[in-house]
1. Could you check, for the range 151-174, whether at least one of its residues is assigned to a loop (DSSP other than H, G, I, E, B) and either under 20 Å from Tyr264 (Cα atoms) or of a type in the set (A, V, I, L, M, F, W, C) (or both)?
2. Just to be sure, is Val179 under 23 Å from Ile49 (Cβ atoms), over 22 Å from the mean Cα position of the chain (by Cα) and not in a loop (DSSP other than H, G, I, E, B)?
3. Mind counting the residues in the range 84-123 that are more than 24 Å from Asp159 (Cβ to Cβ) and in a strand (DSSP E or B)?
4. Working carefully through the options Gln192, Gln119, Gln152, find the one that is out of contact with any Gly (no Cβ under 7 Å at 6 or more places or on another chain) and at pLDDT 95 or above.
5. Tell me which residues, restricted to the range 124-145, are surrounded by 10 or more Cβ atoms within 10 Å (Cβ to Cβ) and among the small types (Gly, Ala, Ser).
6. Tally time: how many residues in the range 34-66 are of a type outside the set (Asp, Glu), free of Cβ contacts under 8 Å to residues at least 60 places away in the same chain and part of a helix (DSSP H, G or I)?
7. Determine whether the range 26-38 contains at least one residue that is touching an Asp or Glu at 6+ places or on another chain (Cβ under 9 Å), under 30 Å from Glu187 (Cβ atoms) and at pLDDT below 95.
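The values are calculated or read from the model by the stated rules, or taken from the named source; none is laboratory data. What you are looking at is a predicted structure, and each value in this text was computed from that prediction instead of being measured. Methodologically, a virtual Cβ is constructed for each residue, glycine included, from the backbone with ideal geometry; neighbour enumeration extends over all protein chains shown.
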Amino acid sequence: MPIRMAQRSRVAVVEIHGVIGNQVKIPEFAHMIDSLSNNRRIRALLLDIDSPGGSATGSEVLYRSIQRVAASKPVYAYVRGIGASGGYYLACAASKIYALPTALIGSIGVIYLRPILEQLLTKIGIDFSVYKSGEFKDMTGFWRSPTDRESQKFQELIDEIFDNFVAVVANGRSLDDSVVREVATGEVMTAQRGKNCGLVDEIGDFKDALESVAEVAQCKPIPRWIRPSRSLGQRLMGRSGLLQKTPGQTLIAGLERVMAGGIYYLDPGHIAGGDFDFKGGN
């Protein structure tokens, strides 16, 4: 994917704005970030984060891309609005995290959503015949409630993914596992409280973060915003409003998302919103 970049640029700025898996398209952003590693004109990377998180898989993909850049160049993160769940997960790939005093961070945790339509299906007279090869093959089925053994399996799955989240935060923030678990309650917190807990380094704005990472990289604090390129057709359709969803389409998309279920590093308030498409895998 081509990237627009000025000759004199020194600090790349990548905006992680919106839900990971929708506004933040996983394949496009992963490729874009990976391409920065070998770009000699880029001396550092600044992540501009305003995201409630999103797909757990998508968050992991982008996290690893950022880590590859961090292996050869300074990477800082700046949280301007919200850096929650998957948004904070990405920030942990940076060596230093700045946040506005009004920013919200945290929501360290995992959530699995699955609809259960058993009562509705019974009411309208629909039943399912299920033939399977293993005890747990249909445990994500929406046509019945999970058994106790299935609920236990689900919780074991969530706990394992949560342990990975805790390990990422502990490693990225140089904190003990026990310290991270004390704040990993799924709640969001102010940037100042996050700083007191070791989740944020400095309270500051974009300019503060930019100048700080540029100093470490020994370059001028000249930002260059790196964004995925769009085709002419995409730009024209975007300007005309043809790509915008109607309220009805947004509602249908939300229902489809709930029906699909999934594992998220996402602030729960955004799961049913029209801004999220869970199909943002790897």
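1. Taking every residue of the range 151-174 in turn, none turns out to be assigned to a loop (DSSP other than H, G, I, E, B) and either under 20 Å from Tyr264 (Cα atoms) or of a type in the set (A, V, I, L, M, F, W, C) (or both).
2. yes
3. 5
4. None of the other options fit; the residue is Gln192.
5. Those that are surrounded by 10 or more Cβ atoms within 10 Å (Cβ to Cβ) and among the small types (Gly, Ala, Ser): Gly141, Ser145.
6. Count: 4.
7. The answer is no, given that none of the residues of the range 26-38 is touching an Asp or Glu at 6+ places or on another chain (Cβ under 9 Å), under 30 Å from Glu187 (Cβ atoms) and at pLDDT below 95.
One line per residue, one yes/no per condition, for (1) under 16 Å from the mean Cα position of the chain (by Cα); (2) crowded, with 24+ Cβ neighbours inside 10 Å; (3) small (Gly, Ala, Ser); (4) closer than 26 Å to Arg181 by Cβ:
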site	(1), (2), (3), (4)
Asn22	yes, no, no, no
Arg41	no, no, no, no
Asp48	yes, no, no, no
Pro52	yes, yes, no, yes
Gly83	yes, yes, yes, yes
Gly87	yes, yes, yes, yes
Leu100	no, no, no, no
